[in-house]
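Structure, as structure tokens:
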Amino acid sequence: MRIKFWGVRGSIPTPGFPGDIKRRIKEALIESFKLDPHPDRLDEFIERLPTSVTSMVGGNTPCLEVTHENHRLIIDAGTGITGLGIEINLHHLTKELSKPRPSPDGVSPPLRPIDSDLKPQIINLLLTHTHWDHIQGFPFFRPAYQPENIINIYGDDAALIEEALTVQQSSPRLFPVGLKNTGADIRFHTLTGDEMQIGPFRISILPLPHPGGSLAFKIHAGNGTMVFATDYEFRDGAPDANQNRGLLTKFLEKADVFISDTQYTYLENLTKEGWGHSNPIKVAEMALYSGVKKLFLFHHDPYYSDTKLFDMLDMTCAYIELLHPLNNLDIKLAIEGQVVDL
């Protein structure tokens, strides 16, 4: 099973922060002064730089791609799904498109992806919930405009999900194309029960406490198991906080990867009780006690710079090291474009 992050920010899409590129250049130059900056060693030098220098965390809102044995699951339709849609179409061009097409003067024109030349596809999309940052990319999801495609959308309530997606494309003042005019056959499904199967993916479902509700997904395929839980909050002192925390902790058992909402720092989380989001300290504690192998901090606050996010990562790692010096928990930031193989 392979996981790819297409969008990792929460709330709103986020461009780069002013001064961030200069900071990265400065840090890289500082490191370069420690070495012989010979051109032949440049690639080696860049590879040794910390991730905080060489990678942008990313500004697209939530979208994950999970693949196994030529099957694909998409989780959430934030702005990250737009790039995924382009890649899906590029990978499904017909063989005819890849063949040279001589023009009358005998010169082959450059090839380009043409939606009308794409094979029909069946696409499966899981939605945690329908807050705008988790559906706002769908109007720009190119496979939705491919006739004969079937797009299955799964969530807690099929009728409410269809309503939410319809409303954001309900008027030319909001978006020029209505949902029913996109071209694909879009089908909505209510998730019932605790478990379901889509292709090779065995999927377990857990409701989470969040304004309007949210769903966590535990996905097993091949030899790998991942849990995706975003937009949830266990408020200290709330009547059901310990019960909900216990349910998620049990849900995490035997997971290789846990991708979790950690939108706020611990201190800021205290000032935003009721907003429906978590912090990395409490999430890392859960992951540690559940025996999770790898934790990805996700749903980054749009007002946190990359520097602040990497500082949060360092502080979380330090805290878990103090809590349990012999722990084997690997904690990372979810970064746009990152691929995880299980």
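The values are calculated or read from the model by the stated rules, or taken from the named source; none is laboratory data. Since this is a predicted model, take the numbers as computed values, not measurements. Every residue, glycine as well, gets a Cβ built from its backbone with ideal geometry; the counts of neighbours run over all protein chains shown.
Some observations on this one:
- Within region 274-283, one or more residues are outside any helix (DSSP H, G or I), modelled with pLDDT under 95 and farther than 25 Å from LEU73 by Cα.
- Only listed residue being assigned to a helix (DSSP H, G or I), surrounded by 17 or more Cβ atoms within 10 Å (Cβ to Cβ) and either touching a helix residue (DSSP H, G or I) at 6+ places or on another chain (Cβ under 9 Å) or in contact (Cβ under 8 Å) with a residue 40 or more places away in the chain (or both), chosen from LEU309, LEU297: LEU309
- Identity of the residue in region 312-342, outside any helix (DSSP H, G or I) and among the polar types (S, T, N, Q), that ends up surrounded by the fewest Cβ atoms within 10 Å (Cβ to Cβ): ASN328
- Single residue of region 251-267 satisfying the filter (in contact (Cβ under 8 Å) with a residue 12 or more places away in the chain and assigned to a helix (DSSP H, G or I)) that is farthest from the chain's Cα centre (by Cα): TYR266
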